[in-house]
Amino acid sequence: MFLNKGRSQTMSTMNQQLPEGLFNILSRLGLNKLYPNKLTLRSLLEINKDDINTSPASSLKEIPWYFLRNLLQSNAECRSCVQLPANDEENEDLFSLDLYSAEDSHSGINALDLIVALFLCADSFLQQEMALRMSMCQFSVPLLLPHSNNSQCCLMLWALRGIVKEWRPHALSESKGFIEDTIVDANIPIYSFVRLQNSSLSKSQMLNLVLSRGQQSHNIFIHKDMEDRAVKKEIANGLVEVFWSLPCGRENLDIFPEPVAFANLRGEISESLAQFSFLVQVSTATFVFLDKVEDKEQEMFNSLRDFRRNFFLVVNRKDSRDDMMSVKRTVEQLDLPKNNVIIKDKSVNATYFSKKLCAVIKTSLESANKVTTNLMLEKAAELGLSVDEGKSNEQKKAAEEIVKAIGEQSIPIYKKLDLPLQGENWKKLSKLEIKLCRLNDCSDLGIEEYKSQLQKEKSQIKEEQARHSISKGIKGFIDNLFTSDKEKRDFFLKWMKLKLDTYSREKLFQLRIQFKEQCETKDAELIKELDQTLLNSSLGIEHYMREIGLIYEFSQNTTEEMSRLPRLAAEMVLDGHPLELLDGDASNIPEKWVSAVLNEVHNKVGKRSRLLVLAVLGVQSSGKSTLLNTMFGVQFPVSSGRCTRGAYLIFLRVNEDHRGELNYDFIVLIDTEGLKSADLAQLEDSYEHDNQLATFVIGLSDIAIINTAMENVTEMKDILQIAVHAFLRMTHIGKKPACHFVHQNVAGVSAHSKCIAERKRLLDQLNEMTQIASEMEKQPTTKLFTDVLDYDMEKNNWNIPGLWHGTPPMAPVNTGYSEAVADFKKHLLETIKSNKNSEPTQIPEFLEWMISLWRTVKYENFIFSFRNTLVAHAYDNLCQAFSQWDWQFRKEIHSWQNKTEIEILNADNDSQVEMWNKLVSEKKGELSAKIQDEQIKMKEKLAEYYKRKDRRVNLIEKYKVDFLNSIKSLATEIQLSVRTKLDCVLELKVSKKKAEEIQKKYRVLIEEAVMRKIHVCKMSHLSDGELNNFFEEMWSASTANVSGLEERDIVGSVLKQLRKNFSNRNVNQELLNTDLRIIGGSPFRVTYDHVDRFKAEFVDMEKLQIFTDNNIEMCTQYLLEKVETTDDYHDSFTKDLLEKVDKNLEQHYKEYETNTKYETDLKLHICGIASRQFLKMHQKFLSNLNPQTQLEKYKPGYLSDFIDLYKERDHCQRKANDYIQLCMKPAVEDFINRSLGIDIVDEILTSHHSAEYSSRSFFQFSLQKELLLKDDFKSFLEYIGKYENYVKNWIFQHIKQQMTQENTLYKLKNDKLQVMIKKITTAIEVASKDPDGVSLPNNNESITKLLDGIRSNLIKDISMSVEDEKTILFQIQSTSHPFINSVKMALENLTTQLQEQFLRCEDINKMVGQLTVKPQDELFKRVFGCGKQCPFCETPCEAGGKDHKLHSAAIHRPQGLGKCRYRDTNKLVERLCTTEVQRNSSFKNADTKGEFHPYKEYTTYYPDWQIPPDPTIEASDYWKYILVKYNDEFAQAYGAKPADVPDAWKTISQEEALNGLKDAFNIK
């Protein structure tokens, strides 16, 4: 009750404000809250659920939205929605007279009422759009709108302003000329049709017949017979609609030779006297439809006697004599000529009668008065009618003031004076940027000097641009935009557009005629000149907005006023105004401006700006803009007097309720100039221009629509070729837009099936184009179009009928066209909704992509020139993730390896070696399975990573194979390494067994001797000194003949491995009589005998010597690292060493053209050094295992046992201490050393330095930054010349630094110690009890059982020698319980002892050498990569993984830093390879066999390197700065002369060098 009461109060209030009929209509349609004028175009353009759900309206309140949605898609069937589906079955009495009662109004609405209601609720701009769309559908549009602005009616001039029409009067038929104008300003004669109260002939139907040449093909004016059930008009009476009949210049098609306007007053005259009076006074003729004339109507006619000659009475003759007499009386009183009375008899059908009316109109046209806008305004004012333009008079005047300033001067001169920033300098800047990208015209200047000169010219132009003051016209334009009232701003912009379009049409008309004539002459120069004149003579809002953008672009100080400009433009973008992305006149993008505007948009929407970018590409005038306009209801220019080039974007909001489903906040539409302009195709750069534009637009798109006309096969082939080029380029840079082909002008119900063959032919063409394009783009592996894109022949092709249903200008939009476009849109949105695989792009990422894409488009070779921060970030993120997986993989295997080694070492010593071999074989099988599992896990992680939506994985799809290969390579590397290590452990086990057997033999002898001596000595009293002497005598006798392990022939083993390395080469004869012991003692010197004698002249022997020395140094470093360990020599060490040499030779043999002799001599030299080092290693190992040494270790213990036994003292605590110190302590230290390396790596990777090791690129950045700040030439020299050694040393120093900070090493060791002590304590507790939990008996025998139990409980963690235990337990006299307590006490002492040892400053070099896992090696593997260096400047590769297809680096160096010099001057080369690859220069070296080869085609010789041009000239500032700073030092070090560096390089500061480094590595 309460709710109903409130509702009735609200309705009562509205009733007081609105006429009842209007209130009822608005309420039923649900439009109450939108009245008056609150419904905006912007709200209708939002993407919402209705764009997918296109089913008809199911309630009255859905009807307005169904109508508007279809109208904005130019669907001529939009008016058919006014009736809800009927349910006639509910009417039981089929013959009831009340079958169609008043209640039927609840199931429908009169179409005219709907239109009136919507115009009343629409704001001025939506009214204009509705009128435009209705006109396109060839519907009549409102001229006078009733119930508007609290007056009787409103003259809708503003609403009609947007309608621009083209027509050809018969007078211009021969010349093929035409007229294009806004319909409001065209001064067309108006013929009005009205009716009296008594009129049975439908004037609307009659008008439709007149305008359709008697054929009822199109319902221009709504009439009652159109609807299923007649619904009475409630608010439409008083509406005056207007329609224009326009000639096409063909007499057989045109109804009238000149344009004619027809006005139709709804309802009878007596209800709308003001409208009738207005029409009478502005019309050439007024046709009054009537059956008879009432007295009041006669009076009305009499009041308009002055216009009686314009009256035509259309009488529908009935049988009533009285009716005809009333008509006769009116004719007489008005003194109407006989020709002004047109009578329709019953015998005359409607078609015939319409022809009669048509003839009357044609006759009157000869003396027709043309109606001007001023006349209408004047009459409206006289009659008290409101005018919709009234509210925008202020903005109209402001626009007129600006346009008026153009005056009589030509548009080019006006633009030069008032819009100077977009003039020649802006175009020059564009050309300079292309020159910087291509560097083809450096003439006599050095290339780097040329680049600096171009950069200087750019700076000068920018400074010159910045000095321009803002013109009066632009200031006025900006001032009118800066208003808080958005409606006023929009009015101003619309008036500016209308005025400028009108002005441009007038100025360009003659130019376009000339251009057309010249195109027929095929004079390319003249065509180019006229094309430029056309461009210069175009003037629209975009030019004013472009000037504002350039004011901001070139501003050097960001004042508050300046920063307001992008905020203003951002508001306009959000209001639906297009933003110029690419200035087509200058072929340039104002990056600073576009970025500022879109970033403001991003901020204004709360940084929620997920974008779906949709673009259309097509041939000029192929209907691509119309396609977008129809699909989304936007207003990209379609036909205008101006020539627009470039690319524009419009932001369409996604409705809040729909964002979750679509996963986007905006759909961005990009419209471009047409490709393959027939007029411009003759110009030499047109194809390149089209390719650039297509690449740029497709590169920005998530969805690319290729618009073609099926009837033009040649045109279609051209557009396909351009599109395929663009798609191919995108695929190779990681962008895969969805592609749809729209074939326009395909009609007929069988079109789909007929086009199966066409689609197959299209796919064949696409495949053909793909092969051609891939060869042109130097990507010959791509064979099929489906290799480039996911293309479905069924789902990615759309056949759309022709746009017009008939011959323009009188043809309506084809309903089939609108519906096909609507279906296409629905499909696109449904696909977007269901496909959420990738992370949507937000505005900042869109801008990054756009800028890098545009920069790359300007290079000649797009694929090899593309650099993008989004791709770099995505790739870097993947590299970081891969590094983590890599380390997890390695760590897991290290852990397994550690446990396995302990298991092998703890294998039963009494077993045969065959059993150990079997155990190792089983473990190798287990290793393969373990690695396979880890490999699968890693592949799954990679697959999961590529499914993520937040890492832009779509951009790095092409690298997936590289990382899969790297996983395989990693698995292979680890498998070989661990298998070799297991073999080494087996050899260690065997060696230990041999040593322990010898040790055991002599232990027994010693123990027997001790017991004999005790027996002898007990017979007398001896002092300690005497006891010592007795013991020494016994010891010497017992150990006199202890033999050590046999020394292997290490030199022979190394030589054997060397021969294996050369097994397939014919050099074994040279190795037969080789004695490695005397080789490698002196420095290795390269000679000409070491290089190919035919190419010796191309080889730099000095560089070869340096390469050789570095190779030898690297191998020596490897040997020193091996010798530092306590391991024994294994043949795999020599094999690894030779593989390192092979790898280095393989990388550089082409560069130095070395021969087999060089390889043999070098390997012999290195193996000579290795044989001596490995012999030392082996001898150290034997020394550590020497039974004599081991026995000497226990000598003090035996002496103590001897004395204690003699004196019968308690030695329980001493024995426990010996057990802990001699058995347990080495095992604990070994446990710590086995796991400490992994812990150190983890510590480094989780510390504040972790970022340095997160990826190779960041590691490079960290290295180079430190070098810069360190400012030490020797460090730079080592970094460049001995890169691998430098990296290893840097990492090692970093580890040392990290371990010494805050007792980090102590903490890591102590953590491991505590883990092990806890395990030992637990093992003692478990071993001190029987399996049933009862303590061991307190006797001597239980001690052996105790130690066996401790060892078995720790068997998986540490390895302890049984022989050592037996030595320590010799003649132990204690019982188990005291011994257990003593062991526990000794263990506590060991903990304290080791902790104190950890705290003491130790030699980290020595400590790291003893670790099983070398942290420096693990970190080196993580950041070093493949080790390949740039063939030109020797910059190291930074690509992720190891098995990548292409090597790359973020920043390259001047080639002189890699020792390259000019042959004729011996000066270091200052040129950059990233510069050379973009210009027409050549190189020659041993790889090219001394022949010059173009840098641009460097991939011929170096196909595995990708060297893109620097993204900016500042990108290589770092190395330019270094070369300038140390030019003399580098020259001296390389035995060359200093480089000639450009003057511009000398101004680079250290800070600028660091900034350049940050930019190159994308460090923010």
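Roughly how many nanometres apart are two label points built 7 Å out from the Cα toward the Cβ at Ile1078 and Gln1117?
3.3 nm
Quick check: the angle from helix 843-857's long axis to the longest principal axis of the chain, C-alpha only, nearest 10 degrees?
Between the helix axis and the principal axis of the chain, the angle is about 90 degrees.
Which residues does a label at Glu1552 reach in segment 446-460, if reach means a backbone N under 16 Å from a point 7 Å past the Cα toward the Cβ?
The answer is 448-460.
Please give, to one decimal in nm, the separation of the simple spin-label points placed at Asn1338 and Ser1023, each 7 Å out from Cα toward the Cβ.
4.0 nm
Please report how far the C-alpha centroid of segment 592-637 lies from that of segment 997-1059, rounded to the nearest whole angstrom.
Centre-to-centre distance over Cα atoms comes out at 92 Å.
Based on Cα coordinates alone, diagonalise the gyration tensor for segment 1298-1425, multiply each eigenvalue by 5, take square roots, and list the semi-axes in whole Å, largest first.
Working: eigenvalues 268, 52, 38 Å².
Each semi-axis is the square root of five times an eigenvalue, giving 37, 16, 14 Å.
State the percentage of accessible surface on segment 924-987 attributable to carbon and sulfur atoms; use a 1.4 Å probe and exclude ligands, DNA and RNA. Please list the in-between numbers first.
Working: 1560 of 3100 Å².
Accessible surface attributable to carbon and sulfur in segment 924-987 totals 50 percent.
Which of the trypsin sites (Lys or Arg not before Pro) across segment 137-210 are loop residues per DSSP, with 11 or fewer other Cβ within 10 Å? List each step's numbers first, then the result.
On the way: sites: Arg161, Lys165, Lys176, Arg195, Lys203; in loops: Lys176.
Sparse-neighbourhood loop trypsin sites (Lys or Arg not before Pro): Lys176.
With axes computed from alpha carbons, what is the tilt in degrees of helix 541-553 against the longest principal axis of the chain, rounded to the nearest 10 within 0 to 90?
30 degrees
In segment 1468-1564, what chymotrypsin sites (Phe, Trp or Tyr not before Pro) fall in a loop by DSSP, with at most 12 other Cβ atoms inside 10 Å? Mind dumping the intermediate values first?
Numbers: sites: Phe1483, Phe1492, Tyr1495, Tyr1498, Tyr1501, Trp1505, Tyr1518, Trp1519, Tyr1521, Tyr1526, Phe1530, Tyr1534, Trp1545, Phe1561; in loops: Phe1492, Tyr1501, Tyr1526, Phe1561.
For chymotrypsin sites (Phe, Trp or Tyr not before Pro) across segment 1468-1564 that sit outside H, G, I, E and B with at most 12 neighbouring Cβ atoms in 10 Å, the list reads Phe1492.
For segment 946-1083, place one equal point scatterer on every Cα, skip the solvent, and apply the Debye formula. What is log10 of I(q)/I(0) at q = 0.12, 0.16 Å⁻¹?
Normalising to I(0) and taking log10 leaves -0.85, -1.03.
Provide Rg and Dmax in Å for the chain, with only Cα atoms included in the calculation.
Rg and Dmax of the chain, Cα atoms, are 46.8, 174 Å.
Can you send over the carbon and sulfur percentage of the accessible area for segment 1401-1539, probe radius 1.4 Å, protein chains only? Kindly include the intermediate steps, with their values, before the conclusion.
Working: 2290 of 4960 Å².
So the carbon and sulfur contribution to the accessible surface is 46 percent.
Tell me, what is the 1.4 Å probe accessible area of Thr40, in Å² to the nearest 10?
50 Å²
Carbon and sulfur together cover what percent of the accessible area of segment 1247-1342 at a 1.4 Å probe radius? Spell out each step's value before the answer.
Numbers: 2230 of 4410 Å².
Carbon plus sulfur share of accessible area: 50 percent.
Do the alpha carbons of any pairs in Lys1060/Lys1095; Lys994/Lys1193; Lys415/Lys475 sit beyond 20 Å of each other, and which pairs?
Distance filter (> 20 Å) returns Lys1060/Lys1095.
Compute the signed sum of charges (Lys and Arg +1, Asp and Glu -1) over the other residues within less than 12 Å, Cβ to Cβ, of Leu1446. Write down the numbers at each step before the final one.
Values: positive: Lys958, Lys1428, Lys1445; negative: Asp962, Glu1438, Asp1443, Asp1504.
Once all neighbours under 12 Å are counted, the net charge is -1.
Based on the Cβ-Cβ distance from Lys1095 to Lys462, what FRET efficiency comes out when R0 is 56 Å, to the nearest 0.05? List each step's numbers first, then the result.
Working: r = 50 Å, r/R0 = 0.88.
Once the sixth-power term is evaluated, E becomes 0.70.
For an R0 of 35 angstrom, estimate the FRET efficiency from the Cβ-Cβ distance between Ser107 and Ser270 and round to the nearest 0.05. Could the numbers behind the result be given before it?
Values: r = 31 Å, r/R0 = 0.88.
About 0.70, to the nearest 0.05.
State the Cα centre-to-centre distance between segment 107-157 and segment 338-363 in whole Å.
When both Cα centres are located, 31 Å separates them.
Amide H to amide H, which residues 5 or more places from Ser212 or on other chains are under 5 Å from it, using H placed in the peptide plane?
Under 5 Å from the amide H of Ser212 lies no amide H from a residue far enough along the sequence or on another chain.
Can you compute the FRET efficiency between Leu535 and Ile434 using 1/(1 + (r/R0)^6), with r the Cβ-Cβ distance and R0 = 25 Å? Round to the nearest 0.05.
On the way: r = 18 Å, r/R0 = 0.73.
Efficiency, rounded to the nearest 0.05: 0.85.
Would you kindly calculate the mean projected area, averaged across all directions, of the convex hull enclosing the Cα atoms of segment 1398-1462, in square nanometres?
Working: hull surface 29.3 nm².
For the Cα atoms of segment 1398-1462, the hull's average projected area reads 7.3 nm².
Determine the shape class of segment 530-581: with a ≥ b ≥ c the square roots of the Cα gyration tensor eigenvalues, call it rounded for a/c under 1.5, and otherwise prolate if a/b is greater than b/c, oblate otherwise. Don't skip to the answer; put the middle values down first.
Values: a/c = 3.62, a/b = 1.56, b/c = 2.32.
Here segment 530-581 falls in the oblate category.
Taking the highest mean first, how do the peptides 1220-1226, 1003-1009 order by number of other beta carbon atoms within 10 angstrom per residue?
Working: 1220-1226: 19.0, 1003-1009: 16.7.
In decreasing order of mean packing, 1220-1226, 1003-1009 become 1220-1226, 1003-1009.
As I understand it, the value is the acute angle between the Cα axis of helix 124-136 and the longest principal axis of the Cα atoms of the chain; what does it come to in degrees, rounded to 10?
80 degrees
Keeping every protein chain present and rolling a 1.4 Å probe, give me the accessible area per residue for the chain in Å². Could the numbers behind the result be given before it?
Details: 68290 Å² over 1564 residues.
Here the residues of the chain average 44 Å² of exposed surface.
Please give the Cα centre distance for segment 1412-1467 versus segment 272-309, rounded to the nearest Å.
93 Å
Which entries in the list Lys224/Lys795; Lys1180/Lys1459; Lys1329/Lys1414; Lys431/Lys494; Lys49/Lys735; Lys435/Lys1270 go over 31 Å, if you measure between the two C-alpha atoms of each?
Values: Lys224/Lys795 42 Å; Lys1180/Lys1459 42 Å; Lys1329/Lys1414 40 Å; Lys431/Lys494 34 Å; Lys49/Lys735 28 Å; Lys435/Lys1270 37 Å.
In this structure, Lys224/Lys795; Lys1180/Lys1459; Lys1329/Lys1414; Lys431/Lys494; Lys435/Lys1270 exceed 31 Å between Cα atoms.
Between Glu973 and Lys1195, how many nm apart are label points set 7 Å from Cα along the C-beta direction?
So the two model labels end up 4.8 nm from each other.
Quick check: net charge around Ser430, other residues with Cβ under 11 Å of its Cβ, Lys/Arg +1 and Asp/Glu -1? Each step should come with its number before you reach the end.
Values: positive: Lys427, Lys428, Lys431, Lys435, Lys458, Lys858; negative: Glu424, Glu433, Asp583, Asp585.
Net charge around Ser430: +2.
When the convex hull of the Cα atoms of segment 887-980 is projected onto a plane and the area is averaged over all directions, what value comes out in nm²?
In nm², the orientation-averaged hull projection of segment 887-980 is 6.5.
With the cut-off at 23 Å, tell me which of the pairs Lys1176/Lys1312; Lys456/Lys1265; Lys1215/Lys1366 have Cα atoms farther apart than that. Numbers along the way, then the final one.
Working: Lys1176/Lys1312 32 Å; Lys456/Lys1265 28 Å; Lys1215/Lys1366 11 Å.
From Lys1176/Lys1312; Lys456/Lys1265; Lys1215/Lys1366, over 23 Å: Lys1176/Lys1312; Lys456/Lys1265.
Can you give the percent of C-alpha pairs in segment 127-171 whose distance is more than 17 Å?
Details: 407 of 990 pairs.
In whole percent, the share of Cα-Cα pairs in segment 127-171 beyond 17 Å is 41.
The values are calculated or read from the model by the stated rules, or taken from the named source; none is laboratory data. The shown structure was predicted, so the numbers you read here are calculated from the model rather than taken from an experiment. All Cβ positions, glycine included, derive from the backbone under ideal geometry; neighbour counts span all protein chains shown. Note: accessible area is taken over every heavy atom of the protein model, side chains too, but ligands, DNA and RNA are not part of it. Shrake-Rupley method; radii C 1.70, N 1.55, O 1.52, S 1.80 Å.
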